[in-house]
Amino acid sequence: MKRAFSIVATVAALSVASAAAATEHTILILPDAYFPQITYVDNGDSVRFVNVSGAEHNIIAQDSSWEIGPIADQGEAVLSVNSVTERSFFNKDATGEDGTYIVQGDISFDTAPLN
């Protein structure tokens, strides 16, 4: 019984440590941009999109593997990221004459550059 309790306690402690290590990053949705344009994350982090654009907003991954929206003006949505999450995303509603997306943001697993 003591051993089973010890195993459960160890697993619980590891779960709490993993959850505590995850970070939530915020990306502001602006009328014609994302801020920051590149968000540096670690595996297991999440990204909170906050819409301050003045209009409803839809976000789509470059490979269409994920999509968020519509996000109402002043609304928010959260995306959990891992090593297989598509890292480039676009304003689904902002396209050029040729149909390409023109407002892009990126998620990077690289180390953030120093200022």
Report summary line: Counted neighbours (other Cβ, 10 Å), sorted fewest up, put SER83, SER108 in the order SER83, SER108
Report summary line: When VAL103, VAL78, VAL84, VAL50 are arranged by how many other beta-carbons sit within 10 Å of their Cβ, fewest first, they go VAL84, VAL78, VAL50, VAL103
Report summary line: Among the Cα-Cα pairs of the range 22-108, the proportion with separation greater than 20 Å, in percent, is 25
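Expressed in nm to one decimal, what extension gain is obtained for the pair GLU76 and SER108 from 0.36 nm per residue of sequence separation less their Cα-Cα distance? Walk me through the numbers on the way to the answer.
Numbers: separation 32, 0.36 × 32 = 11.52 nm, distance 2.08 nm.
Answer, rounded to one decimal: 9.4 nm.
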Report task. Mind sorting HIS25, HIS57 by how few other Cβ atoms lie within 10 Å of their own Cβ, fewest first? Result -> HIS25, HIS57
Query raised in the report: P(r) of the range 69-115 in 10 Å steps, Cα pairs, percent per bin?
Result: 19, 41, 33, 7
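Here, each number is a calculation from the coordinates, and none is a lab measurement. Bear in mind that the values here come from a model prediction, so they are computed numbers and not experimental data. Cβ atoms come from the backbone with ideal geometry, glycine included; neighbour counts cover every protein chain shown.
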